[in-house]
Amino acid sequence: MTEKLNAISIDELAGIVLSASKSIDIVANLDPKTRLGSVVSDALGTWTALADQRLRLRCLIHWPKDASDRSQVRADTFEDEISRLGWAVRNLSAKPLMDLIIVDDKIFHALIADGAGQRVRPSGDEDALTVRLLLQHFNELWSAAAEGDHAKELLFEDLFRPSLPSLRRDIVQVSNDTWDRIIQELARQPQDLFRLNPRRFEELVAQLLERDGLRVQLTPKTRDGGRDILAFHHGAAGQHLYLVECKRYAQNKPIGVELVRSLYGVVEHEKATAGMLVTTSRFTRDALEFVDPIKYRMSLREFGDIKEWLHNHLHR
């Protein structure tokens, strides 16, 4: 098979399946009415036959309920065939937007259909927290499918939407439940903040600001103007704009006065209400001293402040 799925061929994915040493987990939409559904269905027949039966092999599949009798027979036959190959198979009643393959706790393939039906891939640099949450969610879906609980049959794609420019408009595209889970996980293990990729860190800060009552807008990834986030507040005291810059730095890389002074310059130039610099690291003495006389125009938040921020939003 040589047909391409967004620049990854069936043969390449077959090689990935052969490389597995612990486990393979698959989510697949096998809608026979779509070309890609048919391609994935044929590909699964190849992948499942190649997998080592000594591994943990799990497959969640969706076959539309309104499919023809002939199609349903094909679905039942397919399930029987891969079960004989050592796979545990369960059915999703809800249509997943994502076709996903997780091999040895790593995401190797994920396709998401946007509103126009086009399919796009994540960038491939998903952070460790996202991978862990995907695996956790797979396990929840796996249990839900066995128990007939279809309320949980959602939202792998929610975890990827922030990283996909063609899908995102604002941070609110990610469900509140998903962000609740991410915030809870980070509050429990704040060291995972250092494992987020920089863009995901910006999205986290935007979400926390939104939960504080501000309307947020993330600036494009390519922008380098000292403002990753625009945060708006409209209230009785008037309209206010806060420029927020995020730096996901290692703890041993403190932020000096240069970055703080630069952001303050942008705040003054754009006549914003105030600026905020948020980092997973800390600020040098010079940076803190620079901000002291302008504390109503500049705010600094470092690792300890972010931990407190996360805990403040645990049960809201």
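Every read-out reported here was derived from the displayed coordinates using simple, explicitly stated rules and does not represent laboratory data. Given the structure is predicted, the values throughout are model-derived calculations rather than measurements. Cβ atoms come from the backbone with ideal geometry, glycine included; neighbour counts cover every protein chain shown.
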Quiz prompt | Per-q log10 I(q)/I(0), region 187-316, q = 0.09, 0.14, 0.15 Å⁻¹ (Debye; single scatterer per alpha-carbon; no solvent) | solution = -0.24, -0.60, -0.69
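Kindly flag which residue pairs out of 22/253; 22/247; 271/307; 271/295 have an alpha-carbon separation exceeding 27 Å in this structure. Let's see the in-between values first.
Values: 22/253 37 Å; 22/247 36 Å; 271/307 30 Å; 271/295 16 Å.
Too far apart for the 27 Å limit: 22/253; 22/247; 271/307.
Hey, can you rank 291-301, 180-190 by average C-beta count inside 10 Å, highest first?
Numbers: 291-301: 14.5, 180-190: 16.5.
Taking the mean over residues of other Cβ atoms within 10 Å, the ranking is 180-190, 291-301.
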Quiz item: So what's the convex hull volume per residue for the Cα atoms of region 234-273, in Å³?
Solution: 85
Quiz item: What Rg and what Dmax come out for region 251-297 when only alpha-carbon atoms are used, in angstroms?
Solution: 10.7, 33
Quiz prompt | Most to least packed among 51-57, 231-237 [average Cβ atoms within 10 Å] | solution = 51-57, 231-237
